[in-house]
Each structure stands twice: as C-alpha cells, then as structure tokens.
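All of the numbers you see were taken from the coordinates with simple rules; none came from a lab. Nothing here was measured: the structure is a model prediction, and the numbers come from that model. Cβ coordinates were reconstructed from backbone atoms using ideal geometry, including for glycine residues, and neighbour counts include every protein chain displayed.
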Amino acid sequence: MDSVKFHHNTWNWGESWKVVINEGDCLGEVSIQSESPEECFVSGISTIPEARRKGLASFFLKIAEGIAAEHHCKYMALYVEKEQKENIAFYKKRGYVRHAEDGPWYEMRKTIE
Ligand SMILES: CC(C)(COP(=O)(O)OP(=O)(O)OC[C@H]1O[C@@H](n2cnc3c(N)ncnc32)[C@H](O)[C@@H]1OP(=O)(O)O)[C@@H](O)C(=O)NCCC(=O)NCCS
C-alpha cells in the first residue's frame, strides 16, 4: 500500500511509531511503542467509519507485530475496554489473549514468534 505513512520517534524510554493510512483523507491510524526489550505496545487503533470492515485495522496489527518482531520483542500488548465485546472478539480472533485486568480494561497479549 503506497499510502502508508510512518512517523518514527525516539524517547528516553524507547521508540514509537505512528502509522497512518492516507488516501487523500486519513482513513485510520495506530500508535506502536517499544515499552521494553520484551514488550511492544499498540494503542489508539482506529479507522474511520466509512473505511471499516475492509481489513485496515487487521493490517495495522500486522504492521505492529512486524515492528515487534524486528525489535525481538517477546509479545505485543494492548488495552481494551471490558465492555467493548466486539473489540475483544476482534483481538481474540487475531491471536490475542487476556493477560490481566486493570479497572475497566483488560490487557491482552500476543506472543511474537
Ligand atoms: C475496531 C476497529 C479499529 C476495527 O477496524 P476495521 O478497519 O473495521 O477492522 P478490520 O476491517 O480489520 O476488521 C473488522 C473487524 O472489526 C470487528 N469489530 C469491532 N468493533 C465492531 C463493531 N462495533 N461493529 C462491527 N464490527 C466490529 C469485527 O468483528 C470485524 O472482525 P471480523 O474480521 O472478525 O469480522 C474500528 O471499528 C474502529 O476504529 N472502532 C473505533 C475505535 C476503537 O474502538 N478502536 C479499538 C480500541 S481497543
């Protein structure tokens, strides 16, 4: 996809990537952070309503998992609201399992091969 833009940044705690799909309008975005040598964290994954159900969020997860693999992270982590059943099902179908609870959130993780 030609229109995938990466913004790479470095911080005192590690590195981050913002990935945006832009076809004239921004169709979606995701943030990816290397939290520790073991963990890559993905947050803020969203696609605009008109662009949903076309595989963009799945594509973002693949990009995030690719970055995690390149950085030899052992797992991807993310937070999802306990009440967002569809989102939980979305991540489960893509290999994420519940790891911990934190107030209204579940932490879900996926092992990176
Ligand atoms: C969740 C979200 C990112 C999915 O984006 P997408 O580009 O449509 O995702 P894909 O096309 O790759 O996959 C579609 C999946 O979304 C799931 N989904 C999540 N929420 C859904 C909803 N409210 N209605 C319908 N499907 C939903 C579907 O189950 C579908 O999974 P399937 O392939 O098993 O059918 C998008 O609905 C969104 O931006 N929602 C608002 C922001 C949000 O909740 N982000 C997640 C934070 S944890």
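Work out, step by step, the length gained on full extension between residue 94 and residue 5: first 0.36 nm times the residue separation, then minus their alpha carbon distance; give nm to one decimal.
Working: separation 89, 0.36 × 89 = 32.04 nm, distance 2.32 nm.
Using 0.36 nm per residue and subtracting the Cα-Cα distance, I get 29.7 nm.
Consider all pairwise Cα distances in the chain and report the whole-number % of them above 21 Å. All intermediate terms of the calculation are to be shown ahead of the outcome.
On the way: 2258 of 6328 pairs.
Counting pairs separated by more than 21 Å, the tail of P(r) holds 36 percent.
Pairs 18/82; 54/85; 54/74; 18/85; 5/92: which are spaced more than 23 Å apart, C-alpha to C-alpha? Present the calculation step by step, with values, prior to reporting the outcome.
Working: 18/82 25 Å; 54/85 20 Å; 54/74 29 Å; 18/85 26 Å; 5/92 27 Å.
Violating the 23 Å limit, Cα to Cα: 18/82; 54/74; 18/85; 5/92.
Output the peptides 95-107, 25-37 sorted from most to least packed, where packing is the average of other Cβ atoms within 10 Å over each peptide's residues. List each step's numbers first, then the result.
Values: 95-107: 13.2, 25-37: 17.4.
My ranking of the peptides, most packed first, is 25-37, 95-107.
Apply the Karplus curve 6.51 cos²θ - 1.76 cosθ + 1.60, θ = phi - 60°, to the phi angles in segment 49-54 and return the couplings in whole Hz, x for Gly and Pro.
After applying 6.51 cos²θ - 1.76 cosθ + 1.60, I find x, 5, 9, 7, 6, 10 Hz.
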